[in-house]
1. Can you give the charge dipole size of region 1-80 about its Cα centre, rounded to the nearest 20 debye, using +1 on the beta carbon of Lys and Arg and -1 on the beta carbon of Asp and Glu?
2. Each residue of region 56-61 in order: what ³J(HN,Hα) in whole Hz does its phi give by Karplus 6.51 cos²θ - 1.76 cosθ + 1.60, θ = phi - 60°, with x for Gly and Pro?
3. Restricting attention to the alpha-carbon atoms of region 9-70, what are Rg (one decimal) and Dmax (integer), both in Å?
4. What does the charge count near His44 come to, summing +1 for each Lys or Arg and -1 for each Asp or Glu among other residues with Cβ under 11 Å from its Cβ?
5. How far is it, in nm, from the label point at Glu68 to the one at Phe27 when both lie 7 Å from their Cα along the line to the Cβ?
Amino acid sequence: MSLTRRRQSARRMLVVREITVVDAATFIGCSRSHLVNALRGRTHPNADVRAKLPELLGLPIEALFDEELLATDYAGPRGRKAAHRG
């Protein structure tokens, strides 16, 4: 199933609070690229993002991401780069 690529509320909240994506990713302990993709609705947020981003922003996860993105757990990286890992 393809995700609806739509900017998530979490991105707006980072901007409002003047927190950069790099700073948020560092706090969360995830890659900047994963966080950017989740904020753009391109991928499901991983467990670290689901746990730490609400803590950073002081809001429940349901207020930060669309229900569609939260309905499924993050399955890990895909594509050529993922195939070369390990």
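Values quoted throughout were computed directly from the atomic coordinates according to the rules given, and no laboratory measurement underlies them. From a predicted model like this one, the values you see are computed outputs, not experimental measurements. Cβ atoms come from the backbone with ideal geometry, glycine included; neighbour counts cover every protein chain shown.
1. The dipole magnitude comes to about 440 debye.
2. Working through the residues one at a time gives 5, 9, x, 9, x, 4 Hz.
3. 10.0, 26
4. Once positives and negatives cancel, what remains is -1.
5. With each label point 7 Å from Cα toward Cβ, the separation is 2.7 nm.
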